[in-house]
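See structure below.
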Amino acid sequence: MTAHKIALIPGDGIGVDVTDATMQVLESAAARFGFTLEPTRFDWSCETYLATGRMMPEDGIEQLRPFDAIYLGAVGWPATVPDSVSLHGLLLPIRKAFDQYANIRPHRLLPGVEGPLKAQGFDILCIRENTEGEYSGAGGRVHQGKDNEVATETAIFTRKGVERIIRFGFEQARARRKHLTSVTKSNAQKYSMVFWDEVTREIAAEYPDVTVSHMHIDAMAARMVMAPQDLDVVVASNLFGDILTDLGAAIQGGLGFAASANICPDRSGPSMFEPVHGSAPDIAGRNIANPIAAIWSGAMMLEHLGEKPAADAVLAAIESATAKGIGIRPGSHGTDAITAAVLAALEENA
Ligand code: NAD
Ligand code: IPM
Ligand code: MN
């Protein structure tokens, strides 16, 4: 029987609740589909930071490297640890260290869920560049007296980095409705985004079967609200992709529905699966968090591990639950009730 070694990092706030929910569902799927999951739990969080001065041990990356996949709940507890410390001490270094450059975020309406726009036919796949761009960490602060203080944050785009994410997007488009929209701000950002557009045009020549649109991020934000139906694969830089995927989540009905996979395509390191949302301190520990985004991310992990029938069954179970009206509106059902409904549907369907 195949055994998949999973590094589990529940993290902070609702990250813990939704990770527990996800593991219940994944374990049940594993039992049904004839494989096992061997989870190892890493209690790395803001509490760890307060106790040890580090979000993860110095050799944390090396501890994660042997795993087949990483599953993360959410990180951040800004009331006690600044986000600039917690995210740069755990989540962002993992994405970078394992070259998880392709962040896949599917956005579509689940059965029974209308979302605020009732956007029928809304089904996009956002491919977010995940290791460079606006998140390169380059920059600094120069103090020449308070009045002259300057802070810079340099967005770095490499040819290798842009080519590979655009190519990844085209491959995804080929497997879907064969349309790719590249999102930039090349009217205002004349170096990085003009470069991105040029690279996109070059790579597009390799994919004559895929149609391409170029959109500016501001127009794209409006388009996603006004007419998202014609969009298929959307490729964006790290920061633009971050913003668009919270918008995508909102159109889906809320952050509790948006799944995410940080993929290292050449498998030189483990990939990491986590919902789009954060630790939601405002609802943490109250059995309110919607675990669907997290469970869906877990299904993406099963697919990545080669367990496609189990992944499909988990997604079908989520859909059966929402089709019955479970978890379709914020506050309609608690974390436990939604998890139980997905588990019951998995049992019925499998
Ligand atoms: P957030 O995503 O945690 O929450 C935004 C809003 O959405 C809140 O009102 C929250 O209650 C709601 N929400 C989020 N997930 C939900 C769910 N599953 N069910 C129901 N409602 C849900 O974003 P934030 O408030 O900006 O960030 C809180 C902390 O999380 C910060 O420290 C932030 O940096 C961090 N964060 C971490 C990740 C991650 O680890 N991947 C992602 C985003 C934010
Ligand atoms: C996300 C999050 C992270 C990001 C934060 C917490 C650093 O918002 O995964 O979408 O911006 O990538
Ligand atoms: Mn985000």
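Any read-out appearing in this document is the output of simple, stated calculations on the displayed coordinates, not a laboratory observation. As the structure is a computational prediction, the values presented were derived from the model and not from experiment. When we count neighbours, we look across all protein chains shown, and the Cβ atoms used for this are built from the backbone with ideal geometry, even at glycine.
Using the Cβ-Cβ distance between E347 and D266 with R0 = 45 Å, the FRET efficiency computed as 1/(1 + (r/R0)^6) comes to roughly 0.75. Straight-line reach from K190: which aspartates and glutamates have Cα under 17 Å away, leaving out those fewer than 8 places along the same chain? Cross-link targets: E134, E153, E198, D218. Taking 7 Å steps out from each Cα toward its Cβ at K308 and R286 produces label points 4.2 nm apart. If the segment from R329 to L117 were pulled out straight at 0.36 nm per residue, it would be longer than the present Cα-Cα gap by 75.0 nm.
Long hydrophobic helices in the chain, taken as whole DSSP H segments with a C-alpha length of 24 Å or more on their own axis and mean Kyte-Doolittle hydropathy at least 0.0: 14-33. Using a Gaussian network model on the chain with a 10 Å cutoff between Cα atoms, which of V235, V150, V81 fluctuates the most? Highest fluctuation among the options: V150.
Considering only N238, N187, N148, the mean-square fluctuation computed in a Gaussian network model of the chain, springs between alpha carbons under 10 angstrom, is largest for N148. The value of relative contact order for the chain, using C-alpha pairs under 8 Å at least six residues apart, is 24 percent.
Any idea how far the Cα center of region 234-293 sits from the one of region 5-39, in Å? Going from one Cα centre to the other spans 17 Å.
Placing pseudo-labels 7 Å out from each Cα toward the beta carbon at A175 and A188 gives an inter-label distance of 3.4 nm. Relative contact order of region 81-213: 18 percent, from C-alpha pairs under 8 Å at least 6 residues apart in sequence.
Where both bridge residues fall in region 116-252, DSSP classifies roughly 30% of the beta bridges as antiparallel.
Counting 0.36 nm for each residue step from L92 to K160 and taking away their Cα separation leaves a gain of 22.5 nm. In region 245-350, taking the dipole from charged Cβ atoms about the Cα centre, the farthest positive-side position among G278, V342, S320 is held by G278.
Straight-distance candidates among the lysines for linking to K324, with alpha-carbon spacing under 23 Å and chain neighbours fewer than 8 residues away dropped: K118. Applying both filters, DSSP loop and at most 12 other Cβ atoms within 10 Å, to the GluC sites (Glu not before Pro) of region 166-206 gives E206. The antiparallel fraction among DSSP beta bridges confined to the chain stands at about 40%. Using a 7 Å offset from Cα along Cα-Cβ at R65, what residues in region 1-43 end up with backbone N under 12 Å from the label point? Nothing falls inside the zone, counting backbone N under 12 Å.
Per-residue ellipticity at 222 nm from helix content only, as computed over the chain with -39500 (n - 2.57) for each DSSP H run of at least four residues, stands at -13000 deg cm²/dmol.
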